[in-house]
Amino acid sequence: MRNALSLENLTGIFRVSPKEPSRIINREGTTIEFKESYNHGNMAQYFKAMAAFANNQGGYILFGIGDKPRRLLGLKDKSLSQFEELKVEDFTKALLDYFSPEIKWEHCTFEFHDMSFGVIYVYPLMRKPCICKKHYDAQNAKYSLKEGDIYYRYGGRSERIRYAELASIIDEARRYEERQWLNFAKKAVRIGVSNAALLDLKSGNLSGTNGSVVIDSELLQKLAFIQEGKFVETGGTPTLRLIGDITEISTGKVIVTETARKVVRAIEPSDIVRVFLENKQVDEPIEYIKRICSATSANYPIYFFIQRASIITSDAISLVKSTTSRGVAKGKLIERLEGKVIPQNRLPSSATSAGVKKECYRQQWLTESIPETIEDVGYCIDALCCLSKEDFAKHDQYIRATMLRIYNDEYEKSSSLVASNIRKAICRIDEAIYLGI
């Protein structure tokens with residue numbers, strides 16, 4: 001099963017214009033709907049969109065985005081707290097009050113561009129259609145619900161289904177039923193009627209030609225639950241991490257009560273630099289490589305993340321080539337991966353005042369004595385790029401820590417030239433340590 005709320009998927013949905021970073025490129029459509037805010041009191045209007053998505057191919061409701069114009073607004077104050085405190089069991093119960101069969105959905109808070117957005121993803125139903133069970137009269141008529149209606153996603157609208165789409169759903173339901181009976185018959189023939197048994201999922205009875213089997217409730221505690229799509233046949237016992245409590249009730253069903261809030265954080269260009277300079281472990285190093293493709297420059301540490309991902313350079317090139325990006329950074333990054341490197345600067349000349357300053361800073365790098373207050377950041381960075389690969393290896397920890405301080409203190413307020421040289425210097429550290437050049 002696809003991870004609809006993965007960092008990769010959400011980053012792809014939240015693509016912004018290179019010229020207007022506050023404007024989202026994606027439009028409302030068959031799988032996306034925007035809401036400026038979230039309010040528990042408006043759940044019914046969200047339900048209509050959710051039912052429409054479920055009857056089509058699934059989709060996202062994104063909270064904190066303006067529709068006209070499509071601007072990143074983020075959820076604020078009460079709206080954000082309400083979404084973060086959304087109780088899955090209450091929301092699902094209310095949804096079931098209005099629609100049947102049950103709609104499968106999940107949600108998270110997505111942190112992007114220093115703002116928080118609410119995301120609800122609705123999975124397409126396996127057995128369609130989802131039908132409205134009771135009326136709801138909204139102040140805005142387009143959000144009202146009517147008993148017996150079937151809603152479908154058309155472009156950027158959730159509307160009553162039309163004949164063609166309903167006929168298609170009915171035909172698919174019939175074909176699905178036929179496939180299920182055919183598969184059932186094939187399995188029964190293969191197993192043999194005398195060895196087969198039927199499990200009634202409603203009553204819990206397992207019956208066959210030799211009688212019935214009743215599973216004691218204490219045995220339920222010893223059963224392993226395997227998440228769909230997560231089963232592995234090698235590498236040990238398959239497991240499922242459950243967040244929340246499992247509660248047994250008299251009907252024999254199992255309810256998982258979610259108690260942890262899911263937050264997905266987007267990777268910003270500054271994160272790429274800081275993770276490298278802090279020498280951190282990351283869960284998804286490949287996503288950092290992809291993120292460089294959509295940055296304004298290709299000069300970010302790359303080989304550090306290649307090593308963390310346990311792949312080789314040719315694999316990284318293939319990965320970058322397959323990543324969708326409209327900017328120039330992708331092409332420049334491929335050039336770097338194919339052999340273009342940040343060269344080691346020549347040793348400074350003592351014949352000029354600039355050369356004397358650079359040599360002074362070079363010695364301070366080698367003696368690990370860069371002052372807290374740097375008078376000329378540009379010369380300091382130029383001097384760093386004069387160091388050899390052996391120098392970087394010997395002073396790795398100090399260099400990273402000092403460059404992190406320089407990046408945090410100086411990068412944003414520096415001229416475009418100095419800021420560019422800071423990024424290049426960081427790439428030089430990356431290449432010297434991980435390529436050995």
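Which one of these does residue 435 not meet: (1) surrounded by 19 or more Cβ atoms within 10 Å (Cβ to Cβ); (2) out of contact with any Pro (no Cβ under 7 Å at 6 or more places or on another chain); (3) not acidic (Asp, Glu)?
(1)
From the residues in the range 363-379 that are in contact with an Asp or Glu (Cβ under 9 Å, 6 or more places away or on another chain) and part of a helix (DSSP H, G or I), which one is surrounded by the fewest Cβ atoms within 10 Å (Cβ to Cβ)?
366
Report yes if residue 223 is part of a loop (DSSP other than H, G, I, E, B) and either exposed (fewer than 11 other Cβ atoms within 10 Å of the Cβ) or at pLDDT 80 or above (or both), otherwise no.
Against the criterion (part of a loop (DSSP other than H, G, I, E, B) and either exposed (fewer than 11 other Cβ atoms within 10 Å of the Cβ) or at pLDDT 80 or above (or both)), residue 223 qualifies.
Of the numbered conditions (1) without any contact (Cβ under 8 Å) to a residue 24 or more places away in the chain; (2) in contact with a helix residue (DSSP H, G or I) (Cβ under 8 Å, 6 or more places away or on another chain); (3) not hydroxyl-bearing (Ser, Thr, Tyr), residue 20 fails exactly one; give the number of that condition.
Unmet condition: (2).
How about the range 8-60: which of its residues are hydrophobic (A, V, I, L, M, F, W, C), within 17 Å of the chain's Cα centre (by Cα) and modelled with pLDDT of 90 or more? Break it down stepwise before answering.
Taking the range 8-60 and keeping what is hydrophobic (A, V, I, L, M, F, W, C), we get 10, 13-14, 16, 24-25, 32, 34, 43-44, 47, 49-54.
In the following step, the residues that additionally are within 17 Å of the chain's Cα centre (by Cα) were identified as 10, 13-14, 16, 24, 32.
Selection gives 10, 13, 14, 24, 32.
The values are calculated or read from the model by the stated rules, or taken from the named source; none is laboratory data. What you are looking at is a predicted structure, and each value in this text was computed from that prediction instead of being measured. Note: ideal-geometry Cβ built from the backbone for every residue, glycine included; neighbour counts use all protein chains shown.
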